[in-house]
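This report refers to the structure that appears directly beneath it.
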Amino acid sequence: MRGMWQKAAGTAAMGIALMLGSHAVFAQDSASASSSVRQGGGSVGDVTPAQRQELLKAGHYGVTKTDEQRAFGSVPLPIPGDSFSRGASEQAAPAQQKGLFPNSWHDFVNQDGFFGDPWGARSWLADHGVTVGGRYFQDSAGNPFGGKSRAARYADEEALSLDFDLKKLTGVAFNAGVLHFLTLARQGAGLGNTLPVIDSPMEIYGAGETMRLGRLSWEMHWNNYVQTEVGEINTENDFEQSSTYWGANLYCQFQNNGICGMPQSIAMNSGYGFYPTAHPGAWIKLYPAGNDHYLVQFGAYSVDPTISGVRNGWKMNLHGATGTFLPFQLGWHQGGGDDYSGPLQTNIKIGGYWDTSEVKNVYGQMGTYNIPASAAQDAPVSKVRGRFGGWFQFDRMLQRDGADPHRGTAFFASFTWGDPRTAIAPYFVTAGITRKGTFASRPDDTISFGMKALWANPKVTHWIEHLQHTGRGAGLYAPHSEEAIELNYGYRPTRWLLLRPGLQYLWSPGAVKRYKDAMLIDLESSISF
């Protein structure tokens, strides 16, 4: 444990030192106002009511978030640990920074990134079309009892995003879209293999312990009816994705990877591309009513099982691709301009996919449940081309405190279904509730309770039971289901720092009755730059 925490401290210090030394502009700015608005200090009190609304709509990446981004898309850096957007009664940001360091301790605590806005450089870049974001994020977890063995693990990630508004950057008179760039590096180890479990309890671990490309794409809002993106992207940004509440990812108020990011089974059962990997792909969003209330969406992504490998962090070709993942999604949204005023946000998404890849049927994938290959010797293993599946998602803001609109409660639930011929977990359910504003003096702290449950493919269960009944199943355990719950508290002493201790309880680790149920003690922490 001592070595683990020493590594954590060393990694954090190294990351901060590197960013201080080479990139003084690594902060997340919540105000993307024009230069004329920023004259006179940038305080909301110094601008007109119309300008004030534009400031308050701006996300902490300096990019104005439209309603469709909150409901049907992701912010430029779709990662846990996002700071909440500022409420309608708050200043958009502290006064413009005059030097390398914040103007005061109050500004340091209330600025959106650890480094603030040195000499106004980040503001200047945003005004000219370049928005910079970054963060350090870590997951730590240990199981004091249950599972195969006792263990503690630490994993971290450092990320940098750059968004280029081509209209501002080039000075053209028309909308030219936005170029997205995201790179990140991961280190550490996960707890999932030592328990073992089907879904990792540490969402930040995985996809190759290396530096990789997370996004390189061109996004274009053509008009009120059509929006597109093409390039190196991942499906998690825009299909079966989490909605955004209070400016942050609702699913990623949890550490368990079965919840955070997306319902995990879709990645297990198909060629769905998940963060942090990037795949060649494109999508189109159609808004039939010319607003965010209704969505019709289609996409196409390269399926490449090798993309998460350590040596493929910057792979940007189709070599090794096995097929194409073709998702579609219908969406309905209602809500105000933000989650601090107006109608309470509600979202419904229904979607499905077709994956053209050829894969082994579920009998050829039983190793997921730690079933030895010998158990499949006489099984009807075959190849299947064309996997399919679907999902249903619902989320709603249940209430907003009348005395303080910064405090409220949001709920979500999802159901994912996979092709019974090939799906490891054809039935998968998640649900959760987050209360923002635990106390009157802590409007940005959260308390969250969530769950996930997966059910093993009954074909595998019946096959192992068949082997047991015929005397050939010695030492084999038939998989049934794996469930987990998580309770955590998100403490935000500043806008750029998150400390989130929590507890997880896992039933039937690995979806079998081989090991005792496990209790986990975990901690997430994040520093936004």
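The values are calculated or read from the model by the stated rules, or taken from the named source; none is laboratory data. Here the structure is a predicted model, which means the values were calculated and not measured. All Cβ positions, glycine included, derive from the backbone under ideal geometry; neighbour counts span all protein chains shown. Heavy atoms of the whole protein, side chains included, go into the accessibility calculation; ligands, DNA and RNA do not. Shrake-Rupley method; radii C 1.70, N 1.55, O 1.52, S 1.80 Å.
Distance check, please: which entries in 383/459; 360/516; 315/383; 285/349 exceed 23 angstrom between their Cα atoms?
Numbers: 383/459 15 Å; 360/516 31 Å; 315/383 27 Å; 285/349 13 Å.
Going by Cα-Cα distance, 360/516; 315/383 fall outside the 23 Å limit.
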Rounded to the nearest 10 Å², the accessible area of residue 259 at probe 1.4 Å:
10 Å²
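If I stretch the segment between residue 440 and residue 383 completely, what's the gain in nm (0.36 nm per residue apart, minus their alpha carbon distance), one decimal? Each step should come with its number before you reach the end.
Numbers: separation 57, 0.36 × 57 = 20.52 nm, distance 5.81 nm.
Full extension from residue 440 to residue 383 adds 14.7 nm.
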Need the list of aspartates and glutamates near residue 98 for cross-linking: C-alpha distance under 18 angstrom, and skip anything on the same chain fewer than eight residues off.
29, 46, 107, 112, 117, 127
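Provide 427, 301 ordered by accessible surface of protein heavy atoms (probe 1.4 Å), highest first.
Listed by decreasing accessible area, they come as 427, 301.
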Between the stretch 347-371 and the stretch 124-199, what's the alpha-carbon centroid distance in Å?
26 Å
Going toward the positive end of the dipole of the stretch 166-324, with +1 on Lys and Arg Cβ and -1 on Asp and Glu Cβ, which of 244, 216, 305 do you reach last?
216
For the stretch 401-522, with +1 on Lys and Arg beta carbons and -1 on Asp and Glu, the positive-most of 478, 409, 501 along the dipole
478
If you take all C-alpha pairs in the stretch 330-414, what percent of them are over 23 Å apart?
54 percent
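Would you please give the FRET efficiency between residue 170 and residue 228, computed as 1/(1 + (r/R0)^6) with r the Cβ-Cβ distance and R0 = 22 Å, to the nearest 0.05?
Values: r = 19 Å, r/R0 = 0.87.
Once rounded, the FRET efficiency stands at 0.70.
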Tell me which of 446, 463, 521 sits at the most positive position along the dipole axis of the stretch 443-529, charges placed on C-beta atoms (Lys, Arg +1; Asp, Glu -1).
463
What is the gain in length, in nm to one decimal, between residue 300 and residue 284 on full extension, counting 0.36 nm per residue of separation less the C-alpha to C-alpha distance?
4.8 nm
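Which loop-located chymotrypsin sites (Phe, Trp or Tyr not before Pro) does the stretch 210-277 contain, where loop means any DSSP state but H, G, I, E or B and the Cβ has at most 15 other Cβ atoms within 10 Å? Provide the component values of the computation, followed by the final result.
Numbers: sites: 218, 222, 225, 239, 245, 246, 251, 254, 272, 274; in loops: 222, 225, 239, 246, 254, 272, 274.
When the chymotrypsin sites (Phe, Trp or Tyr not before Pro) of the stretch 210-277 are filtered for loop state and at most 15 Cβ neighbours within 10 Å, 222, 225 remain.
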For the full complex of protein chains and a 1.4 angstrom probe, list 168, 452, 315 by accessible area with the highest value first.
168, 315, 452
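Please arrange 469, 279 by accessible surface area, largest first, computed with a 1.4 Å probe and ligands excluded. Each step should come with its number before you reach the end.
Values: 469 155, 279 10 Å².
I get 469, 279, largest accessible area first.
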For the residue 189, residue 465 Cβ pair and Förster radius 35 Å, calculated FRET efficiency rounded to 0.05 is 0.55
Got a sec? Which residues in the stretch 273-296 would a label at residue 221 touch, if it sits 7 Å along Cα→Cβ and we count backbone N under 17 Å?
284-296
Residue separation between residue 311 and residue 150 times 0.36 nm, minus their alpha-carbon distance, gives in nm 54.9 nm
